[in-house]
Ligand SMILES: Nc1ncnc2c1ncn2[C@@H]1O[C@H](COP(=O)(O)OP(=O)(O)O)[C@@H](O)[C@H]1O
Ligand SMILES: [Mg+2]
């Protein structure tokens, strides 16, 4: 994924960032830190094609998002991007297998293939025997593991996570992040994770701080 010259102001006019450049290679995990309100979630939404920028562009596997119409951008997002949210967004009255299979159902694969791939992803996050269980019975850490499996099941080129461990205790957060990092690297996706956690920063290949001038490499610890 490549970002060049990205600029964004909030509707009121305040500038969040400008001239923002970023390149994340396949299998690389980049952590983004920064103060609350600085624009981290806004940046991730732009990377996902959910929000527009005022200038600059995002390319995913060489495809520039700004060159696509809404339908094409939605298709690219479904097929090539995975997203993990702080609030899990797991559906409680579906089984774990059904939750993980959702992205595959959207891109039309046959039922047997969908189930097999969902089960394989559940295995990769340590929930391989739990596919028939209901998501409502899970702990927070388990829910986020299901969310990671769901975000990776369609083998996206880009995986984005917005404070994925914000609702977890530090111990569970560390485990979930290690698993997330492994999944990104093994899946060969470009990974971008927004975090407050120092643990995440240590697991990532690079840590960048978001400021009004763009992303700044951090070298403090
Ligand atoms: N739809 C919106 N309208 C007006 N301001 C917004 C909107 N969305 C976000 N903002 C503002 O943009 C800034 C950046 O928000 P956000 O990207 O959520 O920051 P972060 O994730 O770094 O905490 C905040 O000051 C927020 O108040
Ligand atoms: Mg945010």
Would you point out the residue of segment 187-199, among those that are at pLDDT below 90 and away from ligand 1 (no atom under 15 Å from the Cβ), that is surrounded by the most Cβ atoms within 10 Å (Cβ to Cβ)?
187
For segment 73-89, give me each residue that is in a loop (DSSP other than H, G, I, E, B) and surrounded by fewer than 20 Cβ atoms within 10 Å (Cβ to Cβ).
85, 86, 87, 89
Out of everything in segment 77-93 that is within 16 Å of ligand 1 (Cβ to nearest atom) and within 11 Å of the chain's Cα centre (by Cα), what residue ends up being nearest to residue 64 (Cα to Cα)?
83
Residue satisfying all of: in segment 28-37; assigned to a loop (DSSP other than H, G, I, E, B) and modelled with pLDDT under 95; farthest from residue 206 (Cα to Cα) among these:
37
Do you know which residues across segment 14-43 are crowded, with 17+ Cβ neighbours inside 10 Å and farther than 14 Å from residue 212 by Cβ?
22, 24, 28, 29, 30, 31, 32, 33
Does segment 44-72 hold any residues that are in contact (Cβ under 8 Å) with a residue 24 or more places away in the chain, surrounded by 15 or more Cβ atoms within 10 Å (Cβ to Cβ) and assigned to a loop (DSSP other than H, G, I, E, B), and which are they?
48, 49, 50, 53
Only one of (1) without any contact (Cβ under 8 Å) to a residue 40 or more places away in the chain; (2) more than 13 Å from the chain's Cα centre (by Cα) does not apply to residue 155, and that is (2)
What about residue 49, is it more than 9 Å from ligand 1 (Cβ to nearest atom) and over 16 Å from residue 7 (Cβ atoms)?
yes
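Kindly indicate whether residue 125 is surrounded by 13 or more Cβ atoms within 10 Å (Cβ to Cβ), closer than 26 Å to residue 196 by Cα and in contact with a strand residue (DSSP E or B) (Cβ under 7 Å, 6 or more places away or on another chain). Spell out how you get there, then give the answer.
Numbers: surrounded by 13 or more Cβ atoms within 10 Å (Cβ to Cβ): yes; closer than 26 Å to residue 196 by Cα: yes; in contact with a strand residue (DSSP E or B) (Cβ under 7 Å, 6 or more places away or on another chain): no.
Against the criterion (surrounded by 13 or more Cβ atoms within 10 Å (Cβ to Cβ), closer than 26 Å to residue 196 by Cα and in contact with a strand residue (DSSP E or B) (Cβ under 7 Å, 6 or more places away or on another chain)), residue 125 does not qualify.
On the given criteria, is residue 41 in a loop (DSSP other than H, G, I, E, B) and either within 21 Å of residue 204 (Cα to Cα) or within 16 Å of ligand 2 (Cβ to nearest atom) (or both)? Show your work before the answer.
Details: in a loop (DSSP other than H, G, I, E, B): no; either within 21 Å of residue 204 (Cα to Cα) or within 16 Å of ligand 2 (Cβ to nearest atom) (or both): yes.
So residue 41 does not fit the description; no.
The values are calculated or read from the model by the stated rules, or taken from the named source; none is laboratory data. Computed from a predicted model, the values in this text were never measured in an experiment. Ideal geometry is used to build each Cβ from the backbone, glycine not excepted, and the neighbour counts take in all protein chains shown.
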